[in-house]
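A.B. asks: To start, I am sharing the structure in question, which I have written as structure tokens.
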Amino acid sequence: MHVITLATQKGGSGKSTLAACVAVAAEAEGIKTAVLDTDPQGSVFKWGERREAETPAVDRCEPHQLAAVLKSLPEQGFKLVIIDTAGAHNASVAPALQAADFCLVPVKPTLTDLEAAIPTAKQLRDRKTRFAFVLSQCFGSSSRTNDAATGLLKHGEVAPANVFHRADFTDAYTAGLGVTEYNANGKAAQEVRLLWAWLARTIGEHT
Ligand SMILES: Nc1ncnc2c1ncn2[C@@H]1O[C@H](COP(=O)(O)OP(=O)(O)OP(=O)(O)O)[C@@H](O)[C@H]1O
Ligand SMILES: [Mg+2]
């Protein structure tokens with residue numbers, strides 16, 4: 001079973017949106033997936049409640065219960081767990097970083113967001129947890145996105161799959177769907193499939 005944690009102290013970077021969309025994309029390939037929401041805000045849990053589909057499994061999990069819950073999932077056939085975390089840099093996020101074989105750090109291509117992601121990257125490097133940034137909610141010229149990627153590369157790997165600012169992401173989330181369900185042929189869906197394909201290769205190669 002692989003465990004991917006979405007983390008960065010910066011609120012609003014796209015952790016919950018990507019957690020939901022990646023889980024749906026993985027489940028669509030027949031990978032039995034669970035989403036664990038460790039954020040007291042409960043955003044992904046509420047997204048799960050809006051879903052009609054029964055998969056992926058979505059539940060809340062207190063950070064201190066994470067290790068025990070993760071232990072129980074392989075025997076239920078789960079092959080992938082996606083953990084969503086609070087936008088914070090404190091002890092409540094540590095168990096989700098600890099549990100991850102890979103962390104995805106969404107970052108919007110603005111200086112403030114880039115700067116805010118650096119402490120998370122440092123924490124992950126110190127823990128020797130594999131991670132990559134993913135550029136999220138990209139907008140404007142491609143040079144903005146490229147410059148952001150160049151800045152981030154000084155601090156860690158950058159997923160070769162940018163996610164743009166698109167209404168599909170917000171609308172799908174509101175409808176309790178992943179973008180690949182909401183508008184399977186849209187650009188947002190393409191971006192998520194690319195991101196998931198890269199993640200699947202990456203976790204498959206290294207764990
Ligand atoms: N790629 C995108 N395009 C357009 N809107 C997006 C995108 N990703 C996220 N959003 C919107 O941005 C807002 C924040 O996204 P989200 O809740 O996923 O961030 P978060 O990192 O989980 O925030 P928090 O730290 O508060 O939990 C939401 O309104 C969401 O719909
Ligand atoms: Mg969130």
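A.B. asks: Fewest Cβ neighbours within 10 Å first, please rank Thr8, Thr110, Thr129 accordingly.
C.D. replies: Fewest to most other Cβ atoms nearby, the residues stand as Thr110, Thr129, Thr8.
A.B. asks: Could you run the Karplus curve 6.51 cos²θ - 1.76 cosθ + 1.60 with θ = phi - 60° over region 73-83 and give me ³J(HN,Hα) per residue in whole Hz, x for Gly and Pro?
C.D. replies: Each residue's phi maps through the Karplus curve to give 7, x, 5, 8, x, 6, 10, 9, 10, 10, 9 Hz.
A.B. asks: What is the chain's relative contact order, in percent, from Cα pairs under 8 angstrom and six or more apart in sequence?
C.D. replies: It rounds to 27 percent for the chain.
A.B. asks: Over the Cα atoms of region 1-75, how large are the radius of gyration and the largest Cα-Cα distance (Dmax), in Å?
C.D. replies: 12.0, 34
A.B. asks: So for each of 48-57, 180-189 I average, over its residues, the number of other beta carbons within 10 Å; can you give me the resulting order with the highest mean first?
C.D. replies: 180-189, 48-57
A.B. asks: Still on this structure, I have one more. For Phe102, enumerate residues with amide H under 5 Å from its amide H, sequence gap 5+ or separate chain, H modeled in the peptide plane.
C.D. replies: Val3, Thr5
A.B. asks: Then there is this: So if I take the centroid of the Cα atoms in region 182-207 and the same for region 98-130, what is the distance between those two points in Å?
C.D. replies: Result: 19 Å between the Cα centres.
A.B. asks: Around Arg60, which amide H atoms from residues at least 5 apart in sequence, or from another chain, sit under 5 Å from its own amide H, with H modelled in the peptide plane?
C.D. replies: Asp37
A.B. asks: Over region 108-207, what portion of Cα pair distances is larger than 23 Å, expressed as a whole percent?
C.D. replies: Above the 23 Å cut-off, region 108-207 has 33 percent of its Cα pairs.
A.B. asks: Quick one, could you list the DSSP H helices from the chain stretching 27 Å or more along their long axis (Cα atoms) with average Kyte-Doolittle hydropathy of -1.0 or above?
C.D. replies: The answer, listed by residue number, is 187-206.
A.B. asks: Please work out the C-alpha center-to-center distance from region 47-69 to region 1-22 and express it in whole Å.
C.D. replies: Cα centres, region 47-69 to region 1-22: 13 Å.
A.B. asks: Could you order peptides 31-42, 12-23 by the average number of other Cβ atoms within 10 Å of their residues, highest first?
C.D. replies: Taking the mean over residues of other Cβ atoms within 10 Å, the ranking is 12-23, 31-42.
A.B. asks: Cα-Cα over 18 Å: which of Lys32/Lys71; Lys10/Lys122; Lys79/Lys187; Lys15/Lys46; Lys10/Lys108?
C.D. replies: Over 18 Å Cα-Cα: Lys79/Lys187.
A.B. asks: With only Lys, Arg, Asp and Glu charged, each at its Cβ (+1 for the first two, -1 for the last two), find how big the charge dipole of region 66-207 is about the Cα centre; round to the nearest 20 debye. Don't jump to the answer; show the numbers that get you there.
C.D. replies: Values: 14 positive and 13 negative charges, 65 e Å.
Result for region 66-207 is approximately 320 debye, rounded to the nearest 20.
A.B. asks: What would the Debye equation give as log₁₀ I(q)/I(0) for the chain at q = 0.10, 0.18 Å⁻¹, counting only Cα atoms as equal point scatterers?
C.D. replies: At q = 0.10, 0.18 Å⁻¹ the computed log10 ratios are -0.36, -1.31.
All of the numbers you see were taken from the coordinates with simple rules; none came from a lab. Everything numeric here is computed off the predicted structure, so don't read it as measured data. Neighbour counts are summed over all protein chains in view; Cβ atoms, including those assigned to glycine, are modelled from backbone coordinates with ideal geometry.
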